[in-house]
1. Exactly one of these conditions fails for LEU185: (1) closer than 24 Å to CYS234 by Cα; (2) crowded, with 19+ Cβ neighbours inside 10 Å; (3) free of Cβ contacts under 8 Å to residues at least 60 places away in the same chain. Give me its number.
2. Would you confirm, using the coordinates I've provided, whether ARG218 is surrounded by fewer than 19 Cβ atoms within 10 Å (Cβ to Cβ), at pLDDT below 90 and farther than 27 Å from ALA45 by Cβ?
3. Considering only residues of the range 144-182 that are surrounded by fewer than 16 Cβ atoms within 10 Å (Cβ to Cβ) and either touching a Pro at 6+ places or on another chain (Cβ under 6 Å) or of a type in the set (Val, Ile, Thr) (or both), which is nearest to GLU217 (Cα to Cα)?
4. Could you list all residues from the range 23-54 that are in contact (Cβ under 8 Å) with a residue 60 or more places away in the chain, among the aliphatic types (A, V, I, L, M), more than 15 Å from ILE158 (Cα to Cα) and in a helix (DSSP H, G or I)?
5. Which pairs turn up if I take residues in the range 201-223 that are touching a residue at least 40 places away in the same chain (Cβ under 8 Å) and of a type in the set (A, V, I, L, M) and look for partners that are buried (at least 22 other Cβ atoms within 10 Å of the Cβ) and outside any helix (DSSP H, G or I) with beta carbon separation below 8 Å, at least 6 apart in sequence or on another chain?
6. Report, ordered by the first and then the second residue, all pairs with beta carbons closer than 8 Å, sequence separation of six or more or different chains, a first member in the range 72-93 that is of a type in the set (Lys, Arg), and a second member that is modelled with pLDDT of 90 or more and surrounded by 12 or more Cβ atoms within 10 Å (Cβ to Cβ).
7. Could you check HIS138 against (1) in contact with a His (Cβ under 8 Å, 6 or more places away or on another chain); (2) part of a loop (DSSP other than H, G, I, E, B); (3) not aromatic (Phe, Trp, Tyr) and say which number it fails?
8. Which of the residues that make up the range 131-143 are exposed (fewer than 13 other Cβ atoms within 10 Å of the Cβ) and either of a type outside the set (Gly, Ala, Ser) or at pLDDT 95 or above (or both)?
Amino acid sequence: MAEMLSFMAMPFLACIVLLGIHSYFGLHVLKREIIFIDIAMAQVAALGGLLALLAGRAHEGTWAHWLALGMTATAAALFTAAKNSGQRVPQEAVIGVVYAVAATGSILLAVRMPGGGEHLHEALDGSILWTDWSVVRHSTLVYAIVGAFHWVFRKKFIMLSFDLPGARAAGMRIRLWDFLFYFSLGWVLVHSVEIGGVLLVFAILVLPASISSLLAERLGMRILIGWSVGAASCALALFLSWKLDLPSGPAVICVLGAVLLLTGVARKLAAAR
């Protein structure tokens, strides 16, 4: 038991750090009904990392970071324009196209580099089991900056996601604040993909928020439930990963998915009584 706790302490801490900011963003994403924006932007960030590798730069280096951030900023601008384009092309369609292009671009880059398949697998599944403290510490700092920014301007971001007609009536600069939302999400994802990979980051953003939305109405309570259920699910998943010799990232995704399914079933049964 002591060996397991020692080995799994850093992966669990990484999960907690990811949950802290992603549970919040997930509620906004659900309300905006742009579920796949996370996986699209995460894939764009991963594409930036692969481009850096192809150019001979370190995957975790400063050059790779700024390239990935620049690409997510471009995606943020594109999503902002798509939302305010009069809906000739739905924003969800643009999100899907960006994901498809980024994913296939990653495949094309992977076949051009030695060990490309391994790098592509890492971009998708991550390496949360081998995350070190320096990466977690730096990501925590970025998440704290983004979290503080959203706290200071929480009324604007909440109104933009939960009361768009009210935001328009109040004279908010919708395009500007939409871009700031997407860009701040993208900045978070650049660091998150490095820790957990595209699939785990998508799951941690969407699943705890979905579970909490089934259980509570108030935003603050949803965030607390998302943190609590997410932390418990991650702890169980890492325990099962250790005991059954399973990959940690997929284990976390499956446990969170199972909890969402059970929560939905329990809610339906309770409503039927």
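The values are calculated or read from the model by the stated rules, or taken from the named source; none is laboratory data. Remember, predicted model here, so these are calculated numbers, not experimental data. Glycine gets a Cβ as well: all are built from the backbone with ideal geometry, and neighbour counts include every protein chain shown.
1. Failed condition: (3).
2. no
3. VAL152
4. ILE37, ILE39, ALA40, MET41, ALA42, VAL44, ALA45, ALA46, LEU47, LEU50, LEU53
5. The qualifying pairs are VAL201/GLY126.
6. Filtered contacts from the range 72-93: LYS83/ASP178.
7. Status for HIS138: all satisfied but (2).
8. ASP132, TRP133, ARG137, LEU141 - these are the residues of the range 131-143 that are exposed (fewer than 13 other Cβ atoms within 10 Å of the Cβ) and either of a type outside the set (Gly, Ala, Ser) or at pLDDT 95 or above (or both).
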